[in-house]
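The values are calculated or read from the model by the stated rules, or taken from the named source; none is laboratory data. As the structure is a prediction and not an experimental result, all values here were calculated from the model. Don't worry about glycine lacking a Cβ; one is built from the backbone with ideal geometry, like all the others, and counts go over all protein chains shown.
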Amino acid sequence: MVTKVDPNVVVMSIANGLVATATRDGGADRFRSVPQVLQLPEGLYLAALKPTAQAPTLINGVAFPATQISSIPQPGTIPPSMLYKGHLAPVVWLSGLDVAVITVPAGGSPLLVTNYLYGPELQKSVDLEITRLDRVQKIPPVGLIVHAHIQQMGELKFAAGEWAATDAPFWIEALQLEVSPGIGQLLQYRVPGVSTSDGAWTPAPGRIGVPGGPPLAGIAFRLLPPLSESHRVVYAARFLRHGEISGMDGEPCRSPQAQDPMIAVRVAVVPR
């Protein structure tokens, strides 16, 4: 693992390495973990995984590759507090678009950051980016709420990075995004067609799809300058038959199977 420390950003690139291995069925499936101890100075930080094109592997509902963050108790130190999905947690588990806010007090305990890989062939390791929020002044926060009109459920609201979906596999009929004031038309989205030129871009907070109409066949999001110079948009869609597809900065998420409705979507705008 290689760590690059900057006054504003800490980038942690976790290289493939064997620390622990579990095998099943003659070694066909393997778990591997790569840990690192990280000491952060006092401050407020945002921890997020860099987007990747590789498809996640789900094991008992847990997505791999993933990163776990916890503190290491030491005499005379104070554990950092970590805010994850609206709750304080002693340990956070990040995969996909998950993020966590870490508050490091003066004399804070070091962090243990562990990268988990799984598969008959090693997955590529993920990159964890830790950005210091209390020193970054030029990059404004981007708030985002997803309004999804779901079959038989009506319109529901979801937070940035949260799966817009229900427990039942109902499809999404319409979608619109509510963003921070001043962002406006700098965030756009569309339903991608068979070719990359299909589907007109709709600026937020416009609606795509029709409530009570047919399911959305896919999704793509993009940012326009100057927002795209400081941020990127990352997202994923889940389809009834094909499963999950991820994208970023305008890449289309569309099932390769015909008439495969989109049943879940999540999106977040994060600093570069």
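Some notes on this structure:
- The set of residues from the range 75-89 being among the hydrophobic types (A, V, I, L, M, F, W, C) and assigned to a loop (DSSP other than H, G, I, E, B) comprises just one member, Ala89.
- Scanning the range 235-246 for residues that are among the basic types (Lys, Arg), surrounded by 13 or more Cβ atoms within 10 Å (Cβ to Cβ), assigned by TED's automatic domain parsing to the domain that holds Gly182 and over 24 Å from Ile150 (Cβ atoms) turns up nothing.
- One residue stands out in the range 22-58 among those that are modelled with pLDDT of 75 or more and among the small types (Gly, Ala, Ser): the one that is farthest from Asp98 (Cα to Cα), namely Gly43.
- Verdict on Val19 being modelled with pLDDT under 80 and either buried (at least 19 other Cβ atoms within 10 Å of the Cβ) or of a type outside the set (S, T, N, Q) (or both): yes
- When the strands (runs of 3 or more DSSP E) confined to the range 160-272 are screened for residues that are under 25 Å from Ala100 (Cβ atoms), modelled with pLDDT of 90 or more and out of contact with any Phe, Trp or Tyr (no Cβ under 9 Å at 6 or more places or on another chain), those reaching at least 1 such residues are found at 218-223, 231-239.
- Scanning the range 172-191 for residues that are buried (at least 19 other Cβ atoms within 10 Å of the Cβ) and of a type outside the set (D, E, K, R) yields Ile172, Leu175, Leu177, Val179, Ile183, Leu186, Leu187, Gln188, Tyr189, Val191.
- If you filter the range 59-75 down to residues that are exposed (fewer than 15 other Cβ atoms within 10 Å of the Cβ) and modelled with pLDDT under 85, you find that the one that is nearest to Ala89 (Cα to Cα) is Val62.
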